[in-house]
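A short write-up of the structure that comes next.
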Amino acid sequence: MTPIAPTKPRSFLEQVEAGTPGDSRLSMCIQCGTCGGSCPSAEDMDYSPRQIFAMIRADMKDRVLRSNSPWYCVSCYYCTIRCPQEVHITDIMYTLKHMAIEADLYRDSAAPDLSNTFVSYVENNGRSFEFGLATRHYLKHQPLNLVGAAAMGLEMFSKGRMDWRPEKIKQTKQLRAILKRAKAIEASQKMEAVA
Ligand code: SF4
Ligand code: SF4
């Protein structure tokens, strides 16, 4: 009987590429630093996007997934439009958040909680609900800052920039069907990636 050759474990780079929709172009990064120089959150990040990509190539999975960098990405896409190599930086940041949650490696639960609450509002109503999002976040993670945040919230209410109650889009049924299909596609892509 022919012995079965052991399969080589996939590198972190391959895992991130497989977990990102479409062609992430991550391996095309030339380390020019344009992304970090463009990023409004770079100062708060443990590592700039450029450093994160170098660490992914160096197979430093644990350090990347424990870093706060993906969680400080505000999805402005500025880096993505400026990258000379057209690397899908923002999408990769989403992939890293997802991987950090799955691996339970990011220990500060505030950012994942905020992200999960945001997703649940969008899934249920078709849009975010800032008042609920902020209230839950402050009550759970920063109760001492609630009073200051409430003052800002009142100003937003008075200027009509925030609603007291969540609003639903008209076609939530269709939205749920789209999300259900997207989740099924994601699950089958994961199965293919593992196989
Ligand atoms: S801008 Fe693009 S090519 Fe330059 S470091 Fe960032 S990801 Fe790499
Ligand atoms: S999309 Fe994220 S990583 Fe890119 S510039 Fe904006 S905040 Fe920074």
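The values are calculated or read from the model by the stated rules, or taken from the named source; none is laboratory data. This one's a predicted model, so the numbers in the text were calculated from it and none came from an experiment. Glycine also receives a Cβ, built like all others from the backbone with ideal geometry; neighbour counts cover every protein chain displayed.
Within region 1-116, which helices (runs of 4 or more DSSP H) (wholly inside it) include 3 or more residues that are away from ligand 2 (no atom under 14 Å from the Cβ) and over 14 Å from the mean Cα position of the chain (by Cα)?
Numbers: elements: 12-19, 34-38, 49-57, 61-66, 69-72, 78-82, 89-103.
Filter on region 1-116 gives 12-19, 49-57, 61-66.
Contact annotation: residue pairs with Cβ atoms under 9 Å, 6 or more positions apart or on different chains, pairing a residue in region 78-97 that is without any contact (Cβ under 8 Å) to a residue 12 or more places away in the chain with a partner that is among the small types (Gly, Ala, Ser) and within 11 Å of ligand 1 (Cβ to nearest atom), are 81/38. Of the residues making up region 23-74, those that are of a type in the set (A, V, I, L, M), surrounded by fewer than 16 Cβ atoms within 10 Å (Cβ to Cβ) and within 12 Å of ligand 1 (Cβ to nearest atom) are 28, 30, 54. Within region 38-56, not a single residue is within 15 Å of residue 87 (Cα to Cα), in contact with a Lys or Arg (Cβ under 7 Å, 6 or more places away or on another chain), in the same structural domain as residue 102 (by TED's automatic domain parsing) and at pLDDT 95 or above.
Out of 90, 117, 172, report the one residue that is surrounded by 13 or more Cβ atoms within 10 Å (Cβ to Cβ) and in contact with a His (Cβ under 9 Å, 6 or more places away or on another chain).
Numbers: 90 fails: in contact with a His (Cβ under 9 Å, 6 or more places away or on another chain); 172 fails: in contact with a His (Cβ under 9 Å, 6 or more places away or on another chain).
The conditions single out 117.
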